[in-house]
Amino acid sequence: MAKRGVDEGFSEAEREAMRERARELRARRGPKRDPDEEVRERIAQLPEPDRTLALRIHEIVREEAPALTPRLWYGMPAYAKAGSVLCFLQPASKFGTRYATFGFTDAARLDEGSWWPVSFALTALEPETEETIRRLLRKALG
């Protein structure tokens, strides 16, 4: 059997995300909390500029797709339809990347031919970017 190198396996940030996901699943068995409040609390813990970006994304999703339920997903703000995550924000600080990512799962209806984007790098929210997010949310919901 080959010996595992230092660079193989999950990073500490990835292991922490998995631990967060396990905590989220355990919390489902306990007393129910307001999902919007829970997501807002997590957003408040983010460092800037992720905090401001995440809060605005949260507001846009709640305005454009009020049927989606906010929730935490691997410690990240996410939004579910019928219990399945439809879209999420991965803050740049989550894995030490240079930009946040707003992404959609395969539950989203973004299909365009045989190839389409489902994840978008995000550094700021200009009016055009906000409108694109709104358009994608409408399309994702079908």
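The values are calculated or read from the model by the stated rules, or taken from the named source; none is laboratory data. Owing to the predicted nature of the structure, the values given are computational and were not obtained by experimental measurement. Quick reminder, even Gly has a Cβ in these numbers, built from the backbone with ideal geometry, and neighbours come from all protein chains shown.
If the condition is being modelled with pLDDT of 95 or more, surrounded by 11 or more Cβ atoms within 10 Å (Cβ to Cβ) and of a type outside the set (Asp, Glu), then the stretch 127-142 contributes THR129, THR132, ILE133, ARG134, ARG135, LEU136, LEU137, ARG138, LYS139, ALA140. Contact map, the stretch 1-23: first residue of a type in the set (Lys, Arg), second residue surrounded by 11 or more Cβ atoms within 10 Å (Cβ to Cβ) and at pLDDT 80 or above, Cβ cut-off under 7 Å, separation 6 or more or different chains; pairs are ARG21/TYR74. Taking residues in the stretch 96-117 that are in contact (Cβ under 8 Å) with a residue 40 or more places away in the chain, and partners anywhere that are assigned to a loop (DSSP other than H, G, I, E, B) and surrounded by 11 or more Cβ atoms within 10 Å (Cβ to Cβ), the pairs with Cβ atoms closer than 8 Å and at least 6 places apart or on different chains are ALA100/PRO91; ALA100/THR123. Selection of the stretch 127-142 for residues being under 16 Å from LEU110 (Cα atoms), over 15 Å from the mean Cα position of the chain (by Cα) and in a helix (DSSP H, G or I) yields GLU131, THR132, ARG134, ARG135, ARG138, LYS139. Here ALA124 clears all of (1) surrounded by fewer than 18 Cβ atoms within 10 Å (Cβ to Cβ); (2) touching a helix residue (DSSP H, G or I) at 6+ places or on another chain (Cβ under 6 Å); (3) assigned to a loop (DSSP other than H, G, I, E, B) except the condition numbered (2).
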